[in-house]
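Q: Okay, here's the structure, questions in a sec.
Derivation of every value follows stated rules applied to the coordinates shown; laboratory data play no part. Since the structure is predicted, the reported quantities are computational estimates derived from the model, not experimental observations. All Cβ positions, even for glycine, are placed from backbone atoms using ideal geometry, and neighbour counts span all protein chains on display.
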């Protein structure tokens, strides 16, 4: 399983790469193997929870950093879409 922190992907890139897997499972009417990746799911949830806790403790600066990263991801996506047209 590819996770954003493992491959140094932005959340947008991670989402784009995993969208195909979800579609494949749906097309085949197969339930994704959640049991096989439960430990990874738990790790991601724990990382997210600690990240939220850090944001809460750091205050507005952490939120601003996330907003800036989101804006950059959005700009990158728009540029890729524009290039493909």
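Q: Assuming 0.36 nm per residue, please report the length gained on full extension of the stretch residue 46 to residue 69 beyond their Cα-Cα distance.
A: The span from residue 46 to residue 69 would gain 6.2 nm if fully extended.
Q: Residues in region 12-43, backbone N under 15 Å from the label point at residue 55 (7 Å along the Cα-to-beta-carbon vector): list them, ranges by number please.
A: Under 15 Å, as judged by backbone N against the label point of residue 55, lie 12 of region 12-43.
Q: Would you mind getting the Kirkwood hydrodynamic radius of region 4-84 from its Cα pairs, rounded to one decimal in Å? Mind showing how you got there, number by number?
A: Values: mean 1/r = 0.0661 Å⁻¹.
Taking the inverse mean of 1/r over all distinct Cα pairs, region 4-84 comes out at 15.1 Å.
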